[in-house]
Each structure stands twice: as C-alpha cells, then as structure tokens.
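Only one structure is covered here, and it is reproduced in the block below.
The values are calculated or read from the model by the stated rules, or taken from the named source; none is laboratory data. Predicted model only: the values in this text are computed from it and were never measured. Counting neighbours? That spans all protein chains shown, and the Cβs are built from the backbone with ideal geometry, glycine included.
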Amino acid sequence: MKSDAENILKGIGAAPGISISQAFLYKKELEEIVNDEISDVEDALQNLNVALEKSKKELRKIFSLAVDKLGDKRAAIFEAQIMILDDPILVKTIEDRIRNEKRAPEFIVHDEISKYTDLMNLSHETYMRERSHDIEDIKNRIVRNLKKKKWKSRITSDVVVVTTSVTPSDTVLFSRVNVKGYVTDFGGLTSHAAIVARSLNIPAVVGLHDASNRIKDGDLLIIDGYKGEVILNPTEKQLGDYQKKIARLQKLDIELVKLKELPASTTDGVEIQLMANLELIDEVEVVNQNGAKGIGLVRTEQLFEEYEAFPDEEEQYKAYTKIAERIYPNNVVIRTFDIGGDKVLPVDLKEPNPFLGWRGIRLLLDNPQLFKSQIRAVLRASTHKNVKLMLPMIASIIEIKKSKEIISQCKEELKKEGRAFDKHMSLGIMIEIPSAAVLIKDFAEEVDFVSIGTNDLIQYLLAVDRGNEIVSGIYQEFHPAVVRTLHHIITGGKNAGASVSLCGEMAADPFAVPLLIGLGLDTISVSASAIPLIKKIIRNLSYKELKSLAEECLQFKSEKEINTRLHQFYNNKEKDQIKNLY
Ligand code: PEP
Ligand code: MG
C-alpha cells in the first residue's frame, strides 16, 4: 500500500480549480513519426490537403511580417518555402505513395522530404547545407499540422491532457474538446498558455518536469490547480478528501454568485473598480455574468487564433464592436496586437531571445499597415464612447509620439471618409518595461491612462523568464524592487494626471490584493473567473489598514519578509475560504 505523499507530483498551479479525470497523453509533434498503415486513403489525402493549405497560410503570414522587417532578400526564404509547398511534382509523389503504400501521410511526407535534406546535407557547399534547414522547417510544419488534426480527432472529452508543454493555441484547442484540465512538464505561472487556461476556467498544473514520463494514458488523476499538485492514481482517502473539497468549492461558488450586483468596496467605503481581462471574444458573456465593471484589457492577439491569419480591418471592426456593445455602458480597453514573445507568431523567425526581441509596439511600428488597420478598427468601434486604446511594450517616449502621429493620421482618414468615431477616445500605455517605470512621469503626461503589466514588468525587472519553471522560484511578485517600483509608478502616474490601473496576473493573487490597494491602486483587472473571489476579498478589507500594510511592506528589504507579512495579514484577519484553497 503506497503512502499518500508518494503519488503527489508537485508543480506550479497555473489555473485554479480541481478535476478528477483520466489522463490523455498528448505526445508532442515530432517526437515520433509512426509508420502506421491506413484504411481510408481518401481521408488521408484530404488530411494532407488541409495540412498543406494550413502550412501555406502560416507561411504567408510569416512572409508578410518578414518582408517589412527583414527586407525582401531574407524574407524570400519564406516565399521559397511556399513555392516548395506548391511544387506539383513533390505533392503528386507524396499523394501517389499514400495511395500505393497505404501509409500514414506524416510518414510519407517525412520520408519524401528527408530524401532532399539528406542529399543537401551531404553537399560540400555550405550554402546547400544551410538551405537544408529551410526544407527541414517545411517538413516539420506539415507534419505538425497533420498531427494536430489527428490529435484533435482522437481526443475524447472529459480527460486531463498531459504533455511536455503547450502553446496558447493548444490551450484554445483543448477547450474546444472540453478537456478537464492540463498538466505539463514545462511552463510558468504567467506564460500565456496559463493565462488562457485561467480565462477558459480550465484547471492547470505546469512545470512538473517529468509528468509526461510518469503518467500513463488512462491513469486516474486529481489535478489541484490551487496548490499546483497532481495526484497520480489516488488512494480511496485522497479521492474522498478531494470530493469533499469539490463540494466545498461548489458551495463557495454559490455564495460568490450572490456578490454579482454588489460593489467591490472596502469595509470603510472605498470602491475599487474591478474589471476583467478578455482573451476570447465569446468570453464577454462570462465577464458580464461575473459582475465586472467593464473590461480592463482585451488581448487582441487572440484574434489570430480565431482567424488563423491577420484579421483585416472589417473583421476587427466587427469583433471590437461586438465587445463594445455587449459591455456597454461599461468601458473596454482594447490593447493593440502584442505579437511576439511567447504569443502567436512569428516564432518561425527564430529570434534568439523572443522576449527581448521583435514584440508588441516594436513590431507594430515596423508594420504601419497592420498597425493602422487595427487603430482604424478600434476607432470605428468607439462610437458609443466606451472604447479606449492601449499600446503594449512601450519602452521609449518616441514610441508613444510615433503612435500618436499614426492615430492622428487614422482619425484624419476616417473623417475624410465620413466615418463616425469617438474624437476623444482615451489613449493609454502598458507599463511593463523598467524604462517606462523609471520615466513614468514623462510617459504619463503623454497619455490619459497607464496600466501596469506585472507579468512582464517582473520578468524584465528581475531578469527572470516568466514562462520558465526552472527559475519560477525567483520570479517573485513580492520582491522589494517590484513593490517599490509599483509604488513609484502609481504615485508618479497619478501626479502626472493619468489614471493608473493594473492588469497583470498579480491582481488575481489573493495575497497581493491588499498590498496593491494599499499602494494606491483603485482599478484592477483580472481574469473574469477570478472576479467573484477577488470581490469577496476586497469587501472584507479595511482601506485604512491596507495603507499601513503597504507602508510597512515598502520598508522591507527582502521578498521573504514581504511574503511572510502578507500571509500573516490574512491569518490575523477573517480567514474565510482562501486559506483552505491555497
Ligand atoms: C502583463 O505583462 O502583465 C500583461 C498584462 O500583458 P501580457 O500578459 O499579455 O503580456
Ligand atoms: Mg505584457
């Protein structure tokens, strides 16, 4: 008989919630190319076709981005890749082999394209050997697209997906087949895959190192997204305990629903604007159901997942209008595309340090057409005067000034075209790069509002990758440098006449909320699913006490002291269910 502790795998609780379900092992992409026999040739050919089209579409997207930035010459690599995908001889050879040999398309694709790369690798010319990597890229892209299709059709609902790592788009795919949770070897709390999971309300535990080796298909798992634990083939006692915990949570949910119409006010009457972060457009209903005071952040990059290409102005206009109308009379803050880092595209550009690379405003300013189509769409959706525009990854005042020029141009164009828009639409910036924090006063004078993005701010301030579980222990939201920087931003921003809010994941941490409010924040934005619990917490706090708590925390010299103080704060206060959960 094994003891309870032996079967507990510890990781990082990336999205709260508890599930008890069977494991589905999702073997990633290229790990194995199985030489399976197939029974339905037509189906296989159809799959091949879909995968080729999808690969071309992806490459076109990358090509259009690369042209502006890398110039025609280097971008031509991607054009050449598209041409290879269009090569009728190659495609016909692959199709003929699938028909004759009745083998899985990924095997044939792999085998056929490898013939080229093997030959190229034998060449004496460096140029040829280097080009073989490009061909390898295409092979991997098609195989990946073929496998994803297969995976999607194989997965049954109500399972917990266990895998090495996931991307934000994998997470969206999981939600479409109604998975009950996911468990990964890699990843951190503020990786975008984790953020998407939270907004979809799928419990997730990440950064378990070897979970995909230890867990077998069909194993029974309890996943505890609060504690960051996975229990493998639980004992009767563990099952019983968790069933009780699930019942308690259901009771808490019922209690939280009752708060929907009540304000997020402290016991001494200070009202906090509790807004929601939106990942997917369909989520607006969830935002409304949870009683949010509007939307503090729309991560528009997610539109890429939905359209699988750059959405054009019309598509964006429709999407933003839908959000603005459904959230009216509350406000919505639409952030321009924050592409790059760990989010969609252009992964294939293979930047050595994507988080320090071509991301957010940098990519937008280099692609004025893309930037303008989005600004125009947001302006056109602003006719009810409840839309605000926000710029991501601002590091320099020049980026703000250049963006403002482009916004003015868009307004001029729309005026000439006779289209309606809100002439006074508010403009804001994300404060998520240390340079912006240092220069907060100057930056805030340029705009109407600033929103602190702690997910990135912490990673850049402490030089710790937000998505790497190996260093997750030193990704510390309560580091004195973080706490004092937040204070500097909040006071500096307000003194410059801008409103200041915070939309990073820190705002959804029950232990951080008292500190953030004490530091002077009156607006925070969190995943829609976290709103009821955070509201309940705020309604039990006294503003006066929070002020002195923050004063105290600003004096501490180590993260340990701040952490201990904030945990103690709850111990001394009404404890409610928070302590039971975490
Ligand atoms: C942040 O950095 O805190 C933020 C809200 O933006 P994102 O998580 O999308 O990078
Ligand atoms: Mg960010």
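The set of residues in the range 413-448 being touching a Leu at 6+ places or on another chain (Cβ under 8 Å) and closer than 19 Å to CYS503 by Cα consists of SER426, LEU427, GLY428, ILE429, MET430, ILE431, GLU432, ILE433, PRO434, ALA437, VAL447, ASP448. It is to be established whether one or more residues within the range 343-352 are surrounded by 18 or more Cβ atoms within 10 Å (Cβ to Cβ) and closer than 25 Å to LEU414 by Cα. Within the range 343-352 (the criterion being surrounded by 18 or more Cβ atoms within 10 Å (Cβ to Cβ) and closer than 25 Å to LEU414 by Cα), the answer is no, since none of the residues qualifies.
Here's the yes/no breakdown for (1) surrounded by fewer than 22 Cβ atoms within 10 Å (Cβ to Cβ); (2) at pLDDT 95 or above:
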{"position": "PRO368", "(1), (2)": "yes, no"}
{"position": "LYS385", "(1), (2)": "yes, yes"}
{"position": "LYS388", "(1), (2)": "no, yes"}
{"position": "MET393", "(1), (2)": "no, yes"}
{"position": "GLU399", "(1), (2)": "yes, yes"}
{"position": "LYS411", "(1), (2)": "yes, yes"}
{"position": "LEU414", "(1), (2)": "yes, yes"}
{"position": "GLU417", "(1), (2)": "yes, yes"}
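Residues in the range 153-195 that are surrounded by fewer than 21 Cβ atoms within 10 Å (Cβ to Cβ), of a type in the set (Gly, Ala, Ser) and touching a residue at least 60 places away in the same chain (Cβ under 8 Å): SER165, SER169.
Taking the range 250-295 on its own, how many of its residues are under 28 Å from SER19 (Cα atoms) and of a type in the set (Asp, Glu)?
6
Annotation note: of LEU502, LEU427, LEU439, the sole residue that is free of Cβ contacts under 8 Å to residues at least 60 places away in the same chain and within 16 Å of ligand 2 (Cβ to nearest atom) is LEU502.
Kindly indicate which of THR156, THR184, THR164 is farther than 30 Å from VAL464 by Cβ and touching a strand residue (DSSP E or B) at 6+ places or on another chain (Cβ under 9 Å). Spell out how you get there, then give the answer.
On the way: THR184 fails: farther than 30 Å from VAL464 by Cβ; THR164 fails: farther than 30 Å from VAL464 by Cβ.
The unique qualifying residue is THR156.
Kindly check whether there is at least one residue in the range 212-231 that is of a type outside the set (Gly, Ala, Ser), touching an Asp or Glu at 6+ places or on another chain (Cβ under 6 Å) and in contact (Cβ under 8 Å) with a residue 40 or more places away in the chain. Checked against the condition, which is being of a type outside the set (Gly, Ala, Ser), touching an Asp or Glu at 6+ places or on another chain (Cβ under 6 Å) and in contact (Cβ under 8 Å) with a residue 40 or more places away in the chain, the range 212-231 yields no hits at all. Considering ALA66, ALA76, the condition of being in a helix (DSSP H, G or I), at pLDDT below 85 and either among the charged types (D, E, K, R) or out of contact with any helix residue (DSSP H, G or I) (no Cβ under 6 Å at 6 or more places or on another chain) (or both) is satisfied by ALA76 alone.
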